[in-house]
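Comments concern the structure below.
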Amino acid sequence: MNEKQRLESAQINPADQKSEKDYGQYFQAVYQPPSLKDAKKRGKEDISIHRDFHIPEEMNGFGEGKKFLIRTYGCQMNEHDTEIMAGILIEMGYEATNQTEDADIVLLNTCAIRENAENKVFGEIGHLKPLKLKNPNLLIGICGCMSQEESVVNRILQKHSFIDMVFGTHNIHRLPQIVKEAMFSKEMVVEVWSKEGDVIENLPRSRKGSIKAWVNIMYGCDKFCTYCIVPYTRGKERSRQPEDIIQEVRHLAANGYQEVTLLGQNVNAFGKDFTDKKYGLGDLMDELRKIDIPRIRFTTSHPRDFDDHLIDVLSKGGNLMEHIHLPVQSGSTEVLKLMARKYTREHYVELVKKMKEKIPNASFTTDIIVGFPNETDEQFEETMSLYREVEYDTAYTFIYSPREGTPAANMEDNIPMEVKKERLQRLNALVNEIAAKKNLEYQGQVVEVLVEGESKKNPDILAGYTSKNKVVNFRGPKSAIGKIVKVKITQAKTWSLDGEMIEEAVEVI
Ligand code: SAH
Ligand code: SF4
Ligand code: F3S
C-alpha cells in the first residue's frame, strides 16, 4: 500500500478531535516511509548537532506505574541505542522489566545484517501477537536497522498490522513523541527518516553495567562494501565533537567505570567529516589516554583507515588496550575487490606487520565472510592461509547472505549452500585450533583481569577479561568485582583461561 492508498483507506475515528484538514498533516507526520534510494544519496549538507533534547512537558510522568522491555539484536551499536531508549523511557517514568507479560511497551531493536538475523525478529513478532490480543493496551514497536528497510516496513504494514510503531535508527530521540502518537492513534505509527545528517547530544542513557561502558564516537558508514546493508541503515559517516566525547569519558571515569569502548561502524574514519579541523582517531586516543580510566578500547576499525598516527598513539600503551579487531572479510585480493573493501591481501598483511612491530603484544581478531559470489576453492584457501599467517586470537565467521538493495545482491549467489557450509566448518576448525594454541601460551603466566562478576555457570567462580579481551575464570572474593586483579593462569582452554588470583605484585604480561 502506498501513502495515498493508506490515507484513503485510513479509518478516521470521529472521537479523535481533529478537523478534516488536519488529517493530511497528521498522517504525514506519522507515516514517513523509508527509502533505500534516498539513503544511497549521500547528502552534502552540513552535519547538524542538536543539544536540545528534552522530554516534552506533556510526556513527563507519562510512564508512571508502567513497564517496558527492549529486546536487542545485532551489534554493540544497537546495544548502546537500547541503553539510550531505556534512558528516555525511564525519564518518562517507565520502569524496566524482563517479563514480556508485565510490559506495557515492548520494543524490538533489530539487526538487518544477515537474513537469519531478520528471521529471528519475524519469529519474535509472531510470538508477540497473542500477547497483544490478550492485552490490547500493550504497545509494540519495531526499531533498529530492519526498520530502515523499505521491504521490512512494507511486510510489517501488510502482515503484522498489530504492531503499533515502527521507527528508524535516526529517530530514537523521537521516542517520546512516537509513543504518544502510538497511544492515541488507531493506525500503525511509522517514522523512519532516510535523512541522516544529525548528531544528537545530551540523550539520557541507562547503562547496562557499572564497570564497562560504550561511548559512540561516530555514526554511520560511507564504505559501501558491496555485501553490506549498514551504510543504508545507519546513514552517512558523521563524528561527534571531540569535546563531547572527552567529557563523556571523563564523566564515566569519575563515576567509577573501569573500561570504555569507543563505538563506530567504521571507528577509525572518525573525524574525516570535520571541515573545521584535521583531527582523527589517533588524536582522540592521544587525549583520552590521559584520562584516569584503566582501559580504553575501540571497535570496529576498517583496515583502509588505520593510519600511522593511530598506530603510533596506540604504541604508547598505558590504558590503550593492545587488542585490535580488524575485519579482513577475505584473504583473496580478487574477492576483496568484488567486495569493494579497498585494500589488497598484501596491504592488509603489511598493515598487520607494521602494527605488530610498533605495538608490543598486539593481538588481533577479525570478521570473515565465506561463500561470497564467485568465491573459488583457491580463493577460499587464500583466506585460510591468511588466517594462519596473521594468527588471529579469534574470528567471527559468516556465510554470505544477500541483502536486498546492496550491489552484491545483483550478483548471482552461485556458491551452493553445502559448499558454503563446508568452507565455514573448515574455517571454524582453524579458528579453534589457533585459539587453543594461542591460549596455551598463557599457561603459567600472570595476567591483569578486569573482574566483571560471578561466572554464569558457577557463582563461586569470578569471571573477567584480560587486556586482550580473553575470558578468565578464577576463584576469588566478591570484593574483587569491578577491580583489576592479577591472576596466574593454571589451565588454558580453547575459549577461556582458568587461573588463581594472586595478591603480591608480580610482573605482568
Ligand atoms: N563495520 C564493521 C562490521 C559490520 S557488520 C566492519 O566494517 O568491519 C559485522 C560483520 O558482519 C562484517 O564485518 C561482515 O563480516 C559481516 N557481514 C556484513 N554483511 C554481511 C552479509 N551480507 N553476509 C554475511 N556477513 C555479513
Ligand atoms: Fe559494512 Fe563495510 Fe561499512 Fe563495515 S565498512 S559497516 S562491512 S559497509
Ligand atoms: Fe546489525 Fe545494524 Fe549493527 S544491521 S550489525 S544492528 S548496525
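The values are calculated or read from the model by the stated rules, or taken from the named source; none is laboratory data. It should be emphasised that the depicted structure is a prediction, and the values quoted were computed from it without experimental measurement. Cβ coordinates were reconstructed from backbone atoms using ideal geometry, including for glycine residues, and neighbour counts include every protein chain displayed.
Of note:
Listed here are the residues, each with its yes/no results for (1) within 16 Å of ligand 2 (Cβ to nearest atom); (2) out of contact with any Gly (no Cβ under 7 Å at 6 or more places or on another chain); (3) at pLDDT 95 or above; (4) not assigned by TED's automatic domain parsing to the domain that holds Lys208.
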| site | (1), (2), (3), (4) |
| --- | --- |
| Arg71 | no, yes, yes, yes |
| Gln76 | yes, yes, yes, yes |
| Glu91 | no, yes, yes, yes |
| Cys111 | yes, no, yes, yes |
| Ile125 | no, yes, yes, yes |
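Here's the yes/no breakdown for (1) of a type in the set (S, T, N, Q); (2) within 26 Å of Leu320 (Cβ to Cβ); (3) more than 25 Å from the chain's Cα centre (by Cα):
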residue: Gly371; (1), (2), (3): no, no, no
residue: Glu382; (1), (2), (3): no, no, yes
residue: Tyr392; (1), (2), (3): no, yes, no
residue: Thr397; (1), (2), (3): yes, no, no
residue: Pro402; (1), (2), (3): no, no, no
residue: Glu412; (1), (2), (3): no, no, yes
residue: Met417; (1), (2), (3): no, no, yes
residue: Leu424; (1), (2), (3): no, no, no
residue: Leu430; (1), (2), (3): no, no, yes
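- Selection status of Lys120, under 30 Å from Ala409 (Cβ atoms), out of contact with any helix residue (DSSP H, G or I) (no Cβ under 7 Å at 6 or more places or on another chain) and of a type in the set (Lys, Arg): yes
- Only one entry of Ala409, Ala480 meets the criterion of being within 16 Å of ligand 3 (Cβ to nearest atom) and of a type in the set (A, V, I, L, M, F, W, C), and that entry is Ala409.
- Glu322 being away from ligand 1 (no atom under 16 Å from the Cβ), acidic (Asp, Glu) and under 30 Å from Asn255 (Cβ atoms): yes
- Scanning region 275-305 for residues that are assigned to a loop (DSSP other than H, G, I, E, B) and among the aliphatic types (A, V, I, L, M), we see that the one that is surrounded by the most Cβ atoms within 10 Å (Cβ to Cβ) is Ile293.
- The listed residue being within 16 Å of ligand 2 (Cβ to nearest atom) and over 17 Å from the mean Cα position of the chain (by Cα), out of Tyr232, Tyr219, Tyr227: Tyr227
- Hits in region 226-237 (condition: surrounded by fewer than 22 Cβ atoms within 10 Å (Cβ to Cβ) and in contact with a strand residue (DSSP E or B) (Cβ under 9 Å, 6 or more places away or on another chain)): Lys236
- Unique match (being polar (S, T, N, Q), buried (at least 18 other Cβ atoms within 10 Å of the Cβ) and either modelled with pLDDT of 95 or more or away from ligand 1 (no atom under 16 Å from the Cβ) (or both)) among Thr333, Thr365, Thr344: Thr365
- In region 368-381, the residue that is surrounded by the fewest Cβ atoms within 10 Å (Cβ to Cβ) out of those that are under 19 Å from Tyr396 (Cβ atoms) and more than 16 Å from ligand 3 (Cβ to nearest atom) is Gly371.
- Pick from region 368-420, criterion on the phi > 0 side of the Ramachandran plot and in contact with a Phe, Trp or Tyr (Cβ under 7 Å, 6 or more places away or on another chain), ranking: modelled with the highest pLDDT: Gly371
- Asn60 vs. criteria surrounded by fewer than 17 Cβ atoms within 10 Å (Cβ to Cβ) and more than 16 Å from ligand 1 (Cβ to nearest atom): yes
- Entry remark, region 159-177: residues being in contact with a Lys or Arg (Cβ under 8 Å, 6 or more places away or on another chain) and within 16 Å of ligand 3 (Cβ to nearest atom) number 3 in total.
- Scan of region 334-344 for residues that are in contact (Cβ under 8 Å) with a residue 24 or more places away in the chain and in contact with a helix residue (DSSP H, G or I) (Cβ under 6 Å, 6 or more places away or on another chain), ordered by number: Val335, Lys342, Tyr343
- Among (1) more than 25 Å from Tyr227 (Cα to Cα); (2) at pLDDT 95 or above; (3) surrounded by 18 or more Cβ atoms within 10 Å (Cβ to Cβ) - the single one Val189 does not satisfy: (2)
- Unique residue being over 22 Å from Ile113 (Cβ atoms) and more than 11 Å from ligand 2 (Cβ to nearest atom) when the list is Arg207, Arg238: Arg207
- Selection count where residues are within 16 Å of ligand 2 (Cβ to nearest atom) and among the β-branched types (Val, Ile, Thr), scope region 263-285: 1
- The lone exception for Glu404 - which of (1) acidic (Asp, Glu); (2) under 20 Å from Lys223 (Cβ atoms); (3) away from ligand 3 (no atom under 16 Å from the Cβ); (4) out of contact with any Gly (no Cβ under 7 Å at 6 or more places or on another chain) it fails: (3)
- In region 359-371, the condition of being assigned to a helix (DSSP H, G or I) and not β-branched (Val, Ile, Thr) is met by no residue.
- Note on region 259-283: among residues that are of a type in the set (A, V, I, L, M) and under 21 Å from Gly235 (Cβ atoms), the one that is nearest to ligand 1 (Cβ to nearest atom) is Val267.
- Top-ranked residue of region 410-453 - restricted to ones that are in contact with a strand residue (DSSP E or B) (Cβ under 6 Å, 6 or more places away or on another chain) and acidic (Asp, Glu), ranked as nearest to Leu386 (Cα to Cα): Glu448
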